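Visitor: Dumping the structure here so I can ask a few things about it.
Nothing in this text is a laboratory measurement; each read-out follows from the coordinates by a stated rule. A quick note: this is a predicted structure, and the numbers were derived from the prediction, not measured. When we count neighbours, we look across all protein chains shown, and the Cβ atoms used for this are built from the backbone with ideal geometry, even at glycine.
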């Protein structure tokens, strides 16, 4: 193709090798390598439609090794007529690649799909706009080129599913002739390819078997929907992230560099700041369409795009927030926590589930303070993180949360059997596991609260001995008016072990689960004093007085509603979990003659006689019966995912639910059993276990930064 131009910059855009170009006037030549998959770029012939004001006089000869397109534009600005040409080719190619990855078009050639994309229309939807509405005719379907959408059905309180890049929207209704089955909203600024019936008919001319492929697709799709109709579709992982300054702080350049290093260790990330836009698109505004198109196209090149906002709510900051799936509100922990205008914009745009507060510390201190003031200013922010810049552990944890790979440890209740969690945790950490979030119920919450506080298994075991053996916290009967046991010793020793540290000040996220009898629903503790959360989660009804909150809620043991809070863990994060279920080694039999159980007068005489107690039948105590009753309804089928690891330590010598005297023995037995179990599962190449133990994302911060 011969072309020349009086514009100052000449760019060759092509696919599939090296394009050679020659400039006759200067007798110079060179080559431009293009690192992209080989494909046909089918819109070069749109060039003649450009008005004569930008026609290209003779003088340059472009010789392509493969088919390519030549686009020429000024260094100062891109003329609107040329913008469409540049965008058309790249968008059609992206659309073809995304279509080829879908179940419907996986047998189609790229040439046919590029033709379909060329005939179809592109639509830009701003955050909150409706793509399709439930009940409307299905006269077209869409593929998401960039962005994210939420799906709402009927009167659902929230989205029932999310749709990300490369997914189809409305294709079943389109081909089956059914009305729209849901309303789909743009969760952020998004671009879709709109395919109407006439578009599809033209594409079928290139691929005669396309109609048969659609029939097969519909059959497979309905079969899959029937098999998984009871399961909520998992949300797509975060593809775009905005970093916004919080409080009175600026965005820390050291934090940005460390975050970029951590992403580079395990995730292909692209960081974009306003300076990058001005360097690439001189003379254009950051919200001009060519800029937005380029930002959307970046999603095809990287796993995650990180937008670094300005220090103030500028137009670039607005673009960052509008383009993002999630936002990080970052601040130095020592700054003023007052909400700033950029945060207000972000929190008014994003749902609470997609906003995270990141408090940055220069060093890792023994205890953090002041987090509650930050959260009080931002009551709707569900997630917060503490990050120390002196090592890579906290940055790695944050990246795993963002990437949907955070590793959780979920601990079941089980009375004195809770000491088994110590052995399981120790075995996993020695095998290389690093946990990002801890959650538990009852005695399980008590154990993992120590892990979140930074204690090791041996320290927690010594604390267990101090509470239950040395201080006999569960052997303090009282007048049975409020409860069977005096709670004062337990409260005092719990406070001594956990101090007055607040859950929100922990370096590692933690939650405990209790049962709210006031609202008749589970209560998740994520703020407040750590020891009080442990106390509420283990308030065995009738044995200990309930725990009462400042709001007037009455809380008792979480095992009543959910002995294994895996659902609550999954509500906080995506990624693999170690799920520890506790239970006795087998059914416990009690060979007791029921007729020998004494009545009130006989029992009184026996208890007053020093030798009478020995003749009483060995009936379990009230406390033992209550605990056994609470644990009797433990679920047999635990809803784990393929990357979750379910661990049920098998203990050789049965231990009663209230036999705290054997806590160290149980700790040791669980450690030995779990160590052997891990070795065996690794030999079997268990994928869930390897996900938990994965270390490919490890990184150490560059000391120069």
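Visitor: Starting from the exponent 0.38 and prefactor 2.2 Å, build the expected Rg for the range 341-435 from its residue count and divide its actual Cα Rg by it.
Guide: On the way: Rg = 16.8 Å, N = 95, 2.2 N^0.38 = 12.4 Å.
My calculation over the Cα atoms of the range 341-435 gives 1.35.
Visitor: I need 258, 421 ordered by Cβ neighbour count within 10 Å, fewest first.
Guide: Values: 258 25, 421 34.
So the ranking, lowest neighbour count to highest, is 258, 421.
Visitor: Ranked highest first by average number of other Cβ atoms within 10 Å, how do 377-389, 350-362, 407-419 line up? Please list the in-between numbers first.
Guide: Values: 377-389: 17.8, 350-362: 19.4, 407-419: 27.7.
So the order, starting with the most tightly packed, is 407-419, 350-362, 377-389.
Visitor: Can you tell me the FRET efficiency between residue 130 and residue 314 if r is taken as the Cβ-Cβ distance and R0 is 35 Å, rounded to the nearest 0.05?
Guide: Using R0 = 35 Å, I get an efficiency of 0.75.
Visitor: Hey, rough spin-label estimate for residue 289 and residue 682, points 7 angstrom out along Cα→Cβ, what's it come to in nanometres?
Guide: Result for the modelled spin labels: 5.7 nm.
Visitor: What percent of all Cα-Cα pairs in the range 311-373 falls in each 10 Å bin, counting up from 0?
Guide: Whole-percent P(r) values from 0 Å outward: 19, 49, 26, 7, 0.
Visitor: Suppose R0 equals 45 Å; then what is the FRET efficiency for residue 429 and residue 156 from their Cβ-Cβ distance, rounded to the nearest 0.05?
Guide: Details: r = 41 Å, r/R0 = 0.91.
In this case the efficiency is close to 0.65.
Visitor: Moving on. Order these peptides, 592-602, 512-522, by their mean beta-carbon neighbour count within 10 angstrom, highest first.
Guide: Details: 592-602: 9.6, 512-522: 19.3.
Top of the packing list down: 512-522, 592-602.
Visitor: How far, in nm, would the chain grow between residue 106 and residue 551 when pulled straight, counting 0.36 nm per residue and subtracting the alpha carbon separation?
Guide: Numbers: separation 445, 0.36 × 445 = 160.20 nm, distance 5.62 nm.
Taking 0.36 nm per residue and subtracting the Cα distance, the gain is 154.6 nm.
Visitor: Another question, if that's okay. Take the alpha carbon gyration tensor of the range 132-200, find the square roots of its eigenvalues, order them as a ≥ b ≥ c, and report rounded if a/c is under 1.5; if not, report prolate when a/b exceeds b/c, else oblate. It would help to have the intermediate numbers written out before the result.
Guide: Working: a/c = 2.37, a/b = 1.14, b/c = 2.08.
Oblate.
Visitor: In nm, to one decimal, how far is the modelled label at residue 520 from the one at residue 268, with both set 7 Å along Cα→Cβ?
Guide: For the pair residue 520/residue 268, the computed spacing is 5.2 nm.
Visitor: What FRET efficiency would be calculated for the residue pair residue 338, residue 527, taking the C-beta separation as r and a Förster radius of 22 Å, to the nearest 0.05?
Guide: Working: r = 19 Å, r/R0 = 0.89.
Plugging the Cβ-Cβ distance into 1/(1 + (r/R0)^6) gives 0.65.
Visitor: Please arrange 488, 202, 570 by counting, for each residue, the other beta carbons lying within 10 Å of its beta carbon, fewest first. Write down the numbers at each step before the final one.
Guide: On the way: 488 11, 202 15, 570 18.
Neighbour counts put them in this order, fewest first: 488, 202, 570.
Visitor: Can you give me the C-alpha center-to-center distance between the range 564-626 and the range 254-286, rounded to a whole angstrom?
Guide: 59
Visitor: Which three extents, in angstrom, do the Cα atoms of the range 240-403 have along their principal axes, listed largest first?
Guide: Largest first, the range 240-403 extends 48, 33, 25 Å along its Cα principal axes.
Visitor: Alpha carbon centre of the range 498-556 versus the range 151-203: separation in Å?
Guide: Taking the Cα centre of each part, the range 498-556 and the range 151-203 sit 43 Å apart.
Visitor: List the residues of the range 491-518 whose backbone N lies under 15 Å from a point placed 7 Å from the Cα of residue 391 along the Cα-to-Cβ direction.
Guide: Residues 507-508 qualify, since their backbone N sits under 15 Å from the label point.
Visitor: Going 7 Å from the Cα of residue 665 along its beta-carbon direction, which residues of the range 392-432 have the amide nitrogen within less than 16 Å of the resulting point?
Guide: Within reach of a label on residue 665, which here means backbone N under 16 Å from a point 7 Å along Cα→Cβ, the range 392-432 contributes 416-420.
Visitor: For the range 399-482, what are Rg and Dmax over the alpha carbons, in angstrom?
Guide: In Å, with Rg to one decimal and Dmax whole: 15.3, 53.
Visitor: Quick one: go through the range 522-541 and flag any residue whose amide nitrogen is under 20 Å from the point 7 Å out along the Cα-to-Cβ line of residue 482.
Guide: Hits in the range 522-541 for residue 482 at 20 Å: 529-541.
Visitor: When you have a sec, figure out the Kirkwood radius of the range 230-312 from all distinct Cα pair distances and drop it here in Å to one decimal? Present the calculation step by step, with values, prior to reporting the outcome.
Guide: Working: mean 1/r = 0.0691 Å⁻¹.
Every distinct Cα pair counted, the radius reaches 14.5 Å.
Visitor: Which order do the peptides 554-560, 661-667 come out in when sorted by mean C-beta neighbours inside 10 angstrom, highest first?
Guide: Working: 554-560: 24.6, 661-667: 19.1.
So the peptides 554-560, 661-667, ranked by packing, come out 554-560, 661-667.
Visitor: Give, in nm to one decimal, the length gained when the segment between residue 672 and residue 369 is fully stretched (0.36 nm per residue of separation minus the Cα-Cα distance).
Guide: On the way: separation 303, 0.36 × 303 = 109.08 nm, distance 3.78 nm.
The residue 672-residue 369 span can extend by a further 105.3 nm.
Visitor: Let me ask something else. Taking 0.36 nm per intervening residue step and subtracting the Cα-Cα distance, what contour gain separates residue 257 from residue 281 on full extension?
Guide: Details: separation 24, 0.36 × 24 = 8.64 nm, distance 2.41 nm.
Roughly 6.2 nm would be gained on extension.
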